[in-house]
Amino acid sequence: MPIWYGGDYNPEQWTEETWDDDIRLMQRGGISMATVGVFSWAKLEPREGEFEFGWLDRVLDKLHAGGIRVDLATATASPPPWLTHRYPEVLPVTENGIRLYPGSRQQYCPSSPVYRRLAARLATAIVERYKDHPALELWHINNEYGCHVSRCYCDVSAEAFRVWLQAKYGTIAAFNEAWGTAFWSQRYGEFAEVYPPRAAPTLKNPTQLLDFDRFSSDELLECYRAEAAIVREVSPGVPVTTNFMGFFKPADYWKWAAEVDVVSDDAYPDPADPRSPAYAAMERDLMRSLRHGQPWLLMEQASSAVNWRKRNAPKGPGQQRALSYQSVARGADGILFFQWRQSVAGAEKFHSGLVPHAGTDTRVWREVEQLGGELAQLDRVAGSRVLAKTAIVFDWDSWWSIEQTATPAEISYVQNVFAWYAELWRRTVAVDFVRPIDDLSGYVLVIVPSLFAATGAAQKNLDAFAREGGTLLVTYQSVITDENAHITPGGYLGVLRETLGVWIEEFAPLAAPDLEATGVRPAPDIRVESELLGSSDAEIWAEYVHAPDAEVLAIFAEGALAGWPALTRNAVGSGAAWYVATQPAGEALGRLVVRLIDDAGVFGVVDIVPEGVEAVRRGELTFVINHSMASGVVALQGMDLATGAAVTEVSLEPQGVAILTTAS
Ligand code: GLA
């Protein structure tokens, strides 16, 4: 099986003469897969019910003749102007009641029956026409669901929300209980009285917000499901995907991933941000984890600059290659780009392409050719797996809940997760992401950053993991609410109070005071003291923790919290349960992570890597990738795939990549 190489191909932006050039150039560049038709609705169905497939027939035939496989889109990502002109009710409405108009893309309400009917008809027509086309490899449903319009507040959505709520709760009494409507005179007499959380005078009902997050993810998923069902019926046996967007808050990808045959993902790390390789690695690990280790596809990345940041840095020499190998190392069986030829018109004309405006006598094109040639030699990696003994719990309910307003402090859930991930990444420790209810028996270390909303089953599962010998670390702001956004009273933490041997009396977040209101400077971050962490800064959070059963390994060092536990460890069953009541800053976090991996018996792929270098083992291969601007040397024994030589260390140029076969 090959590693697929290619990208979005939008031939409708070009004359037919260009298409022949495209195929020749694709062959030169080693392109093996093209994603076609993503934004073709207006050209495929120029008038309602009238389809024009001739041009797409010719495109697919040419690709096939050129030996290029096709990831064919259902073309439903952006409705044509005639559609919303004739059916304006399809246009989505924001929280503030503003209707979003055509002239951009994705202007549809996910709950709209008109959109769904017309999308299904288009998808059916496409699938019926091309199901037996010899170039067809994969079906690409819609595109980046929810990227721009992840939720709609229109009347149609309101009605769909009511139906969803009724199905979930059954009775208005159960619904009132779950939404805590005894508060602020919010008791509802019937479902007809309920609305989406539209603009309101002040703080909104937290359960209303949470259920609307869930509903909105589900509504988009329904759109996907309807199209996937058509594909599966008419074109059985051909795999189905839709492209995800890394850590994307509006869609609960655990739920989504169960519905695709192969996970695919779009990745646009900022080339100007030195943290982006570690963050990008985290996103790639999420993608591998969503279907429990199954190889996935990098569906989109940029060959160089994007066009949608305030300042769009180009990728530096070798950066595109290094980031592509990062994906391969972390489980990708395909490296694709947006888009093949850089546009000359439209909102993305400054977005890089594989064929830049300046043509093929360019660094970008030479790098495209180089990578194409290299990936063609890497068949052996396709299908192989990454083995991780460490897992980080990631949970969309907690993400949605912790970032609501009217919480003790503003917290970024993903940044909190990233703080832990980054320390493991620097130590080349392989990490899987898991749901709190997943089978954890394959792991020895599980980190639980701010699992704010936790079901009883989740709590029991984490408890059992520690008791059965695992090393469990739980951070502040975990098990604060249940699945209905209701507090878990009695010292928070639910069942984990027993596991961790601690309970929490009061929160003391290290939030800066509201400067506008008080004019007071932000309070300095607090310090913690301990043998393990040293005397170091702590960030974001503090709280009053009682540790009746646990060993206290660090205390807060100053202010009202002086002497209170900041880090605890409880021996439980045959394992250990750690609790950290703050975010240790800088090297202290690293020291804590080292202690955890030592205790759990986890090893990195290599002992030491220079700053900015990552190492990942996938199957029998070890990838060492240098994302920094400095050369580096890494001690590692194996056979260098590029030279066939046995080595005991690898030297890496800036953005350099080494691939070794190593004994595991
Ligand atoms: C997304 C979309 C593409 C394109 C790129 C640009 O990933 O799916 O159509 O707009 O962004 O970065």
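Among the conditions (1) touching a helix residue (DSSP H, G or I) at 6+ places or on another chain (Cβ under 6 Å); (2) loosely packed, with under 15 Cβ neighbours inside 10 Å; (3) under 24 Å from M299 (Cβ atoms), the only one that E128 does not satisfy is (3). Within the set W164, W139, the sole residue that is outside any loop (DSSP other than H, G, I, E, B), at pLDDT 95 or above and under 21 Å from F244 (Cβ atoms) turns out to be W139. Going by the conditions given, is V38 within 16 Å of the ligand (Cβ to nearest atom), among the aliphatic types (A, V, I, L, M) and either under 16 Å from W340 (Cβ atoms) or outside any loop (DSSP other than H, G, I, E, B) (or both)? The answer is yes for V38.
Criterion applied to R232, R284 was being more than 13 Å from the ligand (Cβ to nearest atom), basic (K, R) and without any contact (Cβ under 8 Å) to a residue 40 or more places away in the chain, and the one residue passing it is R232. Name the residue that is surrounded by the most Cβ atoms within 10 Å (Cβ to Cβ), counting only residues in region 205-257 that are charged (D, E, K, R) and outside any helix (DSSP H, G or I). For region 205-257, the residue satisfying everything is D252.
Here is a yes/no grid of residues against (1) touching an Asp or Glu at 6+ places or on another chain (Cβ under 6 Å); (2) over 27 Å from D439 (Cβ atoms); (3) polar (S, T, N, Q); (4) not in a helix (DSSP H, G or I):
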{"position": "L297", "(1), (2), (3), (4)": "no, no, no, yes"}
{"position": "R309", "(1), (2), (3), (4)": "no, yes, no, yes"}
{"position": "P314", "(1), (2), (3), (4)": "no, yes, no, yes"}
{"position": "L336", "(1), (2), (3), (4)": "no, yes, no, yes"}
{"position": "G359", "(1), (2), (3), (4)": "no, yes, no, yes"}
{"position": "E367", "(1), (2), (3), (4)": "no, yes, no, no"}
{"position": "G373", "(1), (2), (3), (4)": "no, yes, no, no"}
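Tell me whether region 509-520 contains one or more residues that are under 24 Å from T407 (Cα atoms) and at pLDDT 90 or above. Looking for residues that are under 24 Å from T407 (Cα atoms) and at pLDDT 90 or above, one finds at least one in region 509-520, hence yes.
Scanning region 41-70 for residues that are within 16 Å of the ligand (Cβ to nearest atom) and either in contact with a Ser or Thr (Cβ under 6 Å, 6 or more places away or on another chain) or among the basic types (K, R) (or both) yields a count of 1. When you scan region 307-321, do you find a residue that is at pLDDT 95 or above, buried (at least 17 other Cβ atoms within 10 Å of the Cβ) and aromatic (F, W, Y), even just one? Looking for residues that are at pLDDT 95 or above, buried (at least 17 other Cβ atoms within 10 Å of the Cβ) and aromatic (F, W, Y), one finds none in region 307-321, hence no. Annotation: of all residues in region 605-664 being of a type in the set (D, E) and closer than 19 Å to A388 by Cα, the one that is surrounded by the fewest Cβ atoms within 10 Å (Cβ to Cβ) is D607.
The helices (runs of 4 or more DSSP H) found wholly in region 384-475 and carrying at least 2 residues that are under 30 Å from A199 (Cβ atoms) occupy 396-402, 413-426. Test A577 against the stated conditions and say whether it is of a type in the set (G, A, S), outside any loop (DSSP other than H, G, I, E, B), at pLDDT 95 or above and closer than 23 Å to E423 by Cα. Yes, satisfied.
The values are calculated or read from the model by the stated rules, or taken from the named source; none is laboratory data. Treat the numbers as computed from the prediction; the structure is a model and nothing was measured. In this analysis, Cβ positions are derived from the backbone assuming ideal geometry, glycine residues included, and neighbour counts consider all displayed protein chains.
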